[in-house]
Every structure is written in structure tokens, then in C-alpha cells.
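The values are calculated or read from the model by the stated rules, or taken from the named source; none is laboratory data. Because the structure is predicted, anything quoted here is derived from the model rather than measured. Positions of Cβ are generated from backbone atoms using ideal geometry, with glycine treated the same way; all protein chains shown enter the neighbour counts.
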Amino acid sequence: MKNFLLTTCLAVACTSAMAAEEEGFVPLCNGRDLTGWVNVNCAPETWSVREGVIHCTGLPTGAMRTTRQFENFILELEWRHLTKGGNAGLFLWSTPIAAPGVPFLRSVEVQVLDHGYAEHYEKANGKKSDGFTTHGDVFPIHGSTMKPFGRHNGQRSFPSSDHSKGSPEWNHYRVICTNGVLRLSVNGHEVSGGENCNYRKGYIGLESEGAPVEFRNVRLKELPSSKPPATLAAPEDTGLRSLFTGLDLRDWKTNAATTPRWGVRGERLVLRGGTANPGATLWSEKEFGDAEFVFDCRPAKPSAGQPMTPPVVVVRGVEVKLTDAVAGLQRYSVTVQKGEVIVRRSEKEVRRVTLPAEAKARGPFGLRDIGAALEWMNLYARDL
């Protein structure tokens with residue numbers, strides 16, 4: 001009888017402890033739609049909810065993220081790849097828009113990778129990769145930093161043991177994030193993580209990267225804040241929203257009578273080089289008054305001894321030349337407000353233009369055909 005009572009008491013205590021641990025969790029997906037999430041730089045159809053499951057087509061490469069930031073929390077979710085070798089990720093403490101020059105968010109990434117990816121690498125190279133695993137790598141990307149736990153390569157923390165399942169089975173991730181320390185458990189086993197994370201407050205994002213993937217039972221329990229300094233927190237969402245699907249020219253228009261010079265390649269808008277044809281200027285379907293535009297631009301490298309042909313954007317009918325442009329992708333912001341246009345490159349003001357009296361009150365945002373080849377990506381806008 002004593003043993004029975006002891007066993008019963010232990011069972012009740014264990015159940016009570018488990019119930020207490022479950023308290024405070026809230027779902028991050030309502031099971032019906034993507035309320036609470038922002039499509040950062042993907043097509044409208046990239047992300048959807050089907051029968052309570054978040055579905056991602058994998059195209060284009062990009063992300064969606066929560067509408068609000070989180071600092072200290074326990075996050076749980078399940079994921080599965082629908083094709084062998086699929087790639088995706090979980091972004092923690094991320095920025096609201098993509099990092100300059102890439103379709104990814106600055107964040108600490110928790111890898112979501114199917115075993116077929118590693119098998120393909122081993123078959124192609126005759127050996128296993130020493131740069132990644134498919135069992136829960138954790139690593140900072142595009143400006144974030146982290147001191148990794150355990151076996152690692154640079155700042156990339158490798159799992160201490162292998163527990164993930166291959167497609168199409170479901171995997172369970174539990175991530176505990178406290179005061180810049182991150183610990184990942186895969187299917188019930190703690191395997192990897194790091195400390196001294198920067199950022200340690202930001203958005204939570206899900207990554208699209210080339211293959212269909214699903215997420216379900218995404219839930220979070222917030223923990224008390226340590227009130228980190230602003231330098232350890234991601235920028236807040238200012239309302240910038242993507243103007244580009246990453247796949248095609250939907251929501252853009254040009255002169256159909258001209259030879260098409262604009263196209264899409266690898267999440268980028270591309271202008272093929274040739275004779276300048278202003279009629280081939282690419283215009284947003286949406287019109288803007290006072291607004292901010294953020295984008296990455298790569299001009300073609302000029303021939304030896306030739307000057308750079310500056311890219312040109314059009315706001316409210318006025319051409320604005322990016323005369324300081326250099327070779328390589330660079331982040332610009334163009335703010336139109338109170339009769340002025342302020343141009344910033346890499347957050348530094350480089351030009352200020354007074355709008356002429358004939359400037360339109362509203363108009364589409366334009367990417368001018370300058371003849372030379374150009375690439376644009378991460379195009380965002382917000383009304384002011």
C-alpha cells in the first residue's frame with residue numbers, strides 16, 4: 001500500500017510539474033491564416049495555412065516573421081520537409097527586413113535541413129561535410145554574433161548527438177532563449193546552442209529556401225525580460241513592406257511596346273544592358289506621396305577607364321540619380337517628405353534634393369532604364 005501511495009504521489013507530482021511547465025504557452029499561429037506574421041520578401045502564395053499547418057512552397061528564398069519582437073522565451077514547433085534534401089531555417093532575434101544584399105534576415109539561425117542534403121553533398125564530394133549537419137546546427141548570420149557551445153566551426157554550433165528524422169517525418173524543436181543564451185533540443189534531446197548572442201531581442205522568422213516545408217504547433221512562452229540595451233536589440237518594424245515577389249514582375253509595369261529588358265533572376269530584378277530606353281523604365285503599380293523606399297542596388301562594373309553609369313530612381317515623377325554608387329550590392333534608402341528627397345547609402349546621407357514645383361503629389365516608384373546592366377533586390381516602401 002505504501003509503495004502504491006508513493007507511486008501515486010510521484011505520478012501526481014510529475015503530472016502537476018508538467019502542467020505547470022505547459023502554462024504560459026501561446027500559439028503563434030491561429031491555425032486558420034497568417035495573422036500575427038509579416039511576409040518579409042516572398043510571393044503572396046509562398047506562405048499559407050492549411051488545416052492548421054503553416055505551408056511554405058520554398059520559392060523564392062526569403063522569410064516571414066512575427067509582427068512583434070521577443071527577447072526571453074521558450075519556443076516549440078514541429079517541422080518536416082516534403083521533399084528529400086529540403087532546406088529551410090528558423091530565425092531568432094531577427095531584423096524586420098532582409099539584411100543588405102541577401103534575402104535572409106540578420107538573426108541567429110537554427111538550421112532546418114533534411115538528411116538528403118548531406119547525402120547529396122557526400123555523393124558529390126566523396127566525403128561528409130565538416131561545415132554543416134542535418135541535426136540542428138545553430139549559427140549567427142549577416143551581422144549577428146554568438147559564442148557557440150560544444151563542437152563548432154567558427155560561430156556555428158554543431159549538435160552533440162544526432163536525433164532529427166528525414167522527410168516526410170515530423171521533427172520537434174524546443175528552443176530556450178534567455179539573456180542572450182540559446183539552447184536547442186531536437187526531438188527531446190538538447191544538442192546545440194550558444195551564448196553572448198547579439199542580437200538577443202528581435203523577431204522570430206521562418207525561412208523559405210528552395211523546397212516545400214511545413215511547420216505546425218508553433219507556440220511560445222515568454223520569460224521575464226532582462227531589459228537589454230538598444231545595441232543588443234534588432235530595429236523595430238517601421239512599416240516597410242516588400243514591393244517585389246522575388247519570383248516575377250507582378251505589381252510592376254513597363255512599356256509593353258519596347259523590347260522587354262527587365263527580368264527576374266535569383267530573387268533579383270535584373271535589367272539587361274544595351275542602349276538606354278526610358279520607355280523600358282519599370283514602374284510600381286502602387287503610387288506614393290511622401291514615402292520611404294529601401295532597396296539594394298548593384299550597378300554594372302564599367303569598362304576600364306570608363307565612369308560608372310549611376311542608377312536612377314523616379315519618385316513623384318522626379319529622377320533621382322544615385323551618383324555615389326559603386327560596384328557591388330549596396331543598401332539605399334530614399335525618403336520623400338516635406339518637399340525634399342533625402343538619399344542615404346549604408347545609412348549615411350549622400351544627397352539631398354528639393355522637389356521642383358512640377359513634382360507630382362503622388363506617383364509610382366520607378367527604376368529607370370539607363371542602358372547599363374543593373375540588379376535590384378530587397379525593395380521595400382512605406383507611406384509617411
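Residues that are out of contact with any Cys (no Cβ under 8 Å at 6 or more places or on another chain) and surrounded by 19 or more Cβ atoms within 10 Å (Cβ to Cβ) within segment 217-230 comprise just one, Leu220. All of (1) in contact (Cβ under 8 Å) with a residue 60 or more places away in the chain; (2) assigned to a helix (DSSP H, G or I); (3) within 18 Å of Val108 (Cα to Cα) hold for Pro235 with one exception: (2). Scanning segment 253-285 for residues that are modelled with pLDDT of 80 or more and surrounded by fewer than 19 Cβ atoms within 10 Å (Cβ to Cβ) gives Lys253, Gly263, Val264, Arg265, Gly266, Val270, Arg272, Trp283, Glu285. Being in a loop (DSSP other than H, G, I, E, B), crowded, with 16+ Cβ neighbours inside 10 Å, at negative phi and of a type in the set (A, V, I, L, M): is that true of Met308 here? In short, yes.
For (1) buried (at least 17 other Cβ atoms within 10 Å of the Cβ); (2) in contact with a Cys (Cβ under 7 Å, 6 or more places away or on another chain); (3) within 23 Å of Asp237 (Cβ to Cβ), each residue gets a yes or a no:
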{"position": "Asp296", "(1), (2), (3)": "yes, no, yes"}
{"position": "Ala304", "(1), (2), (3)": "no, no, no"}
{"position": "Val314", "(1), (2), (3)": "yes, no, no"}
{"position": "Val318", "(1), (2), (3)": "yes, no, no"}
{"position": "Ala327", "(1), (2), (3)": "no, no, no"}
{"position": "Val341", "(1), (2), (3)": "yes, no, no"}
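Among strands (runs of 3 or more DSSP E) entirely within segment 102-169, having at least 1 residues that are of a type in the set (Asp, Glu) and in the same structural domain as Cys197 (by TED's automatic domain parsing) singles out 107-113.
Could you say which residue among Trp170, Trp93 is in contact with a strand residue (DSSP E or B) (Cβ under 8 Å, 6 or more places away or on another chain), under 21 Å from Arg80 (Cβ atoms) and of a type in the set (Phe, Trp, Tyr)?
When all the criteria are applied, what remains is Trp170.
Restricting segment 84-115 to residues that are among the hydrophobic types (A, V, I, L, M, F, W, C) and surrounded by fewer than 21 Cβ atoms within 10 Å (Cβ to Cβ), the residue that is farthest from Cys177 (Cα to Cα) is Val102. Among the residues of segment 163-219, the ones that are of a type in the set (Gly, Ala, Ser) and within 18 Å of Ala230 (Cα to Cα) come to 2 in all.
Among the numbered conditions (1) of a type in the set (A, V, I, L, M); (2) within 23 Å of Pro103 (Cβ to Cβ); (3) in contact with a Pro (Cβ under 8 Å, 6 or more places away or on another chain), the only one that Val191 does not meet is (2). The residue list Ser164, Ser192, Ser157 contains one member that is without any contact (Cβ under 8 Å) to a residue 40 or more places away in the chain, over 20 Å from the mean Cα position of the chain (by Cα) and closer than 13 Å to Gln111 by Cβ, which is Ser157.
Just to be sure I understand, how many residues within segment 38-61 are at positive phi and in a strand (DSSP E or B)? Number satisfying all stated conditions: 0.
Determine whether segment 69-79 contains at least one residue that is surrounded by 20 or more Cβ atoms within 10 Å (Cβ to Cβ), in a loop (DSSP other than H, G, I, E, B) and charged (D, E, K, R). Yes, segment 69-79 contains a residue that is surrounded by 20 or more Cβ atoms within 10 Å (Cβ to Cβ), in a loop (DSSP other than H, G, I, E, B) and charged (D, E, K, R). With respect to the conditions (1) within 24 Å of Val38 (Cβ to Cβ); (2) of a type outside the set (S, T, N, Q); (3) modelled with pLDDT under 95, Ile141 falls short on a single one, namely (3). Checked against (1) at pLDDT below 90; (2) over 24 Å from Asn255 (Cα atoms); (3) among the small types (Gly, Ala, Ser), Ala291 passes all but condition (1). The single condition from (1) more than 26 Å from Cys29 (Cα to Cα); (2) under 16 Å from the mean Cα position of the chain (by Cα) that Leu240 fails is (1).
Restricting attention to segment 310-320, does a residue exist that is in contact with a Phe, Trp or Tyr (Cβ under 9 Å, 6 or more places away or on another chain) and acidic (Asp, Glu)? Checked against the condition, which is being in contact with a Phe, Trp or Tyr (Cβ under 9 Å, 6 or more places away or on another chain) and acidic (Asp, Glu), segment 310-320 yields no hits at all.
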